[in-house]
Amino acid sequence: MLTITEWAKLNPDPLTSGVVEIFATENPVLAALPFINIAGNAYTYNREDALPGVAFRGFNEAYVESTGVVNPLTETLTILGGDSDFDVAQIAMQTGDNDTRAIHDAMKAKAATLTWLRTFFDGDTSVNPKEFDGLNRRLAGDQVLSAGTNGGVLEFRMLDELVDAVRGTPSMLLMNKTMRRTVRAMARSMGALTITTDQLGRELEGYAGVPFGLIEEDETGAEILAFDEAQGTANATSSIYAVRFGADTLSGIQTKPIEVRDLGEVDDKPALRTRIEWYSGYVIKHPRAAARLKGIKAA
């Protein structure tokens, strides 16, 4: 199981590798999320629900039979991609190092990764059956914490409860920039601000060893985790998410790594076409692999 950056290292195609680098750079989730390659268009797995019973016994005593409970689940792959056309005349007229086609291909890749990131949180198959369900649809029960009936300002105990809602240590705390400033200041005041390094060699600040994942704008320029969520009478709140990535917790699925194809000149116009396409999704294998703290007001 590898991240998309590690998959790119196995891919000698510079066009594809360049797109993967953009995906990882623009998307903190895809930079850290491990992916497994699967066959077919869906992935079936079992989620642990209840452990079987065990007991101590004396000589010549029998055990009481007990079997654990697992829930079989299936995740269907989605198809994300797009075509990018560039006029051959513009290519012929470009000067110096200004590779305008590469610029437009990079813009297409950036739009794709930001679309995936938005869907990771807000995807709703009841609205668009072509996409996958996001965390806001998947998380429920004890995995959704509240800052207050009508919202509330973030406190240390809330942050600790969010971290503790995830089994083990979370891989990342996902939040917007305003929230990061608040958490950073809180952590610094308590000496709990830590520094780690991600797979791209970038330094990441974190709270008590759990790095921050900064979530910014989607492909339309709208903030993904904006203060636009309703919580009781409050309608300007946001959320922080704790996630743990791994083979047995939260992981990505794909048929193969992101594919970039140079289709050459198209028939209906004098333009070169690049196609980016990815068959992917993600699964939550453990019921406590992720948690959400909602209803947080801007400090």
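Some notes on this structure:
- Near pairs, Cβ below 8 angstrom, 6+ apart or cross-chain, from the range 252-267 (more than 12 Å from Asn37 (Cβ to Cβ)) to any residue that is in a loop (DSSP other than H, G, I, E, B) and not aromatic (Phe, Trp, Tyr): Val260/Asp13
- Residues in the range 50-87 that are touching a strand residue (DSSP E or B) at 6+ places or on another chain (Cβ under 9 Å) and more than 30 Å from Gly264 (Cα to Cα): Ala50, Leu51, Pro52, Gly68, Val69, Val70, Asn71, Pro72, Leu73, Thr74, Glu75, Thr76.
- The set of residues in the range 76-93 that are in contact with a Ser or Thr (Cβ under 8 Å, 6 or more places away or on another chain) and open to solvent by less than 30 Å² (accessible area, probe 1.4 Å) comprises Leu77, Thr78, Ser84, Phe86.
- The range 59-75 - residue that is part of a strand (DSSP E or B) and open to solvent by less than 80 Å² (accessible area, probe 1.4 Å) and, of those, modelled with the highest pLDDT: Glu75
- Scanning the range 192-210 for residues that are free of Cβ contacts under 8 Å to residues at least 40 places away in the same chain and open to solvent by less than 70 Å² (accessible area, probe 1.4 Å) yields Ala192, Leu193, Thr194, Thr196, Gly201, Leu204, Glu205, Gly206.
- Where Leu293 falls short, out of the listed (1) assigned to a loop (DSSP other than H, G, I, E, B); (2) closer than 21 Å to Gln143 by Cβ; (3) of a type in the set (A, V, I, L, M): (1)
The values are calculated or read from the model by the stated rules, or taken from the named source; none is laboratory data. Quick caveat, the model's predicted, so the values are computed rather than measured. Glycine gets a Cβ as well: all are built from the backbone with ideal geometry, and neighbour counts include every protein chain shown. Remember, those area values only see protein heavy atoms, side chains included, never the ligands or the DNA or RNA. Shrake-Rupley method; radii C 1.70, N 1.55, O 1.52, S 1.80 Å.
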